[in-house]
Amino acid sequence: MEAWAVIPGYNEEKHIGSVVKKTLDYCSNVVVVDDGSNDRTSENAKEAIVLRHVINLGKGAALRTGAEYAISKGAEAIIAIDADGQHDPAMIPEFMNALDDCDIVFGYRKLSGRMPLLLRFGNGFINVMARLLFGISLRDTQSGYRAFRADAYEKLKWDATDYFVETEMIANVGKKKLKYKEIPIATIYADKYKGTTVIDGIKIVLNMFWWRLRR
């Protein structure tokens, strides 16, 4: 399959250049979606194809822009990678191998002392809710490192414009009965944790109930 990497980024001038360079070692087609940054994210990502949102729309919107662009150019698989350097592009071949006989592959972060305690607790609770509401058994629902087939995109397609995108994709996998796999990934916490908060986690769970009732 012809794979395209899609990297949504907002004010990631510090990391985006090295992320793009490493990703190009494993995937010749790389799209960076600069989500309205006010720094040098676009300039530092110049080795990739750069798409730019005029204003900040959110991670979900940026990932959708990149995925739809790649599919329009003939991509058969999309690999979603975060722009902050937490994901190791050397895992791309493993994602592609796992994608041979399923629709989507989720990366799961292995528990370690370096993973913030709040993140471990919140993820565990959301994992349980995903299993109860959608019949999806995952070790890590909030990891953004994942790959999916282009021909599954219309069933996976999300409305979320923000960080709810990861969970809405999972809801769609469960409701559309798509085939999925998980593979372990290493995660590098280079900066102070800036992910979802307790309030964000509550909002995610409330949205999960909404997605379960709506579709």
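The values are calculated or read from the model by the stated rules, or taken from the named source; none is laboratory data. Small disclaimer: the values here were computed from a predicted structure and weren't measured. Reconstructed Cβ throughout: ideal geometry from the backbone, glycine too, with neighbour counts over all protein chains shown.
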Quiz item: When the residues of region 91-109 are filtered to those that are among the charged types (D, E, K, R) and surrounded by 12 or more Cβ atoms within 10 Å (Cβ to Cβ), which remaining residue is modelled with the lowest pLDDT?
Solution: Arg109
Exercise. Just give me the residues in region 121-158 being of a type in the set (D, E, K, R) and modelled with pLDDT under 95, in sequence order.
Key: Arg131, Arg139, Asp140
Quiz item: Quick check, is Glu154 of a type outside the set (Ser, Thr, Tyr) and over 16 Å from the mean Cα position of the chain (by Cα)?
Solution: yes
Quiz item: Is it fair to say Gly36 is within 13 Å of the chain's Cα centre (by Cα) and buried (at least 16 other Cβ atoms within 10 Å of the Cβ)?
Solution: no
